[in-house]
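Student: Pasting in a structure now, in structure tokens, and then I'll have a few things to ask.
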Amino acid sequence: MKTFKLFPIALFVAVIFPVLAMAESPADGNCASIPEADRKNLCLVKAADKEKKFGYENKDHRNYYCSLVKNRDMQTMCYAIVSGKVASCDLIVDPDIEKECKASVK
């Protein structure tokens, strides 16, 4: 009889908790709607920059998101945003991305 009483609790833990764990953090709420992976990772970097308590409170995951960017120019822009160096934007070949980089870097 005890096993039948514990079954609903075990079912609840097995089904509900993984669903809650997959819920998005507040920072990637706006980024979840972006279909392109490179732009989505750039959005996560910018969102993590604005919100200091992103992920773990004392961890900075922005370099990881930059490593996921496939396009070389966008990856260079991502690392320029993380480092805050406008001079890194000069390494970008595409002029549109270079302008976006210089506008994004503080």
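The values are calculated or read from the model by the stated rules, or taken from the named source; none is laboratory data. The structure displayed is predicted, hence computed values, not measured ones. Neighbour counts are summed over all protein chains in view; Cβ atoms, including those assigned to glycine, are modelled from backbone coordinates with ideal geometry.
Student: Looking only at region 35-65, which residues are part of a helix (DSSP H, G or I), at pLDDT below 80 and either more than 14 Å from SER83 (Cα to Cα) or not aliphatic (A, V, I, L, M) (or both)?
Tutor: ASP49, LYS50 - these are the residues of region 35-65 that are part of a helix (DSSP H, G or I), at pLDDT below 80 and either more than 14 Å from SER83 (Cα to Cα) or not aliphatic (A, V, I, L, M) (or both).
Student: Could you tell me which residue of region 94-106 is surrounded by the fewest Cβ atoms within 10 Å (Cβ to Cβ), considering only residues that are closer than 12 Å to GLN75 by Cα and of a type outside the set (Asp, Glu)?
Tutor: Among those residues, the one meeting the criterion is ILE97.
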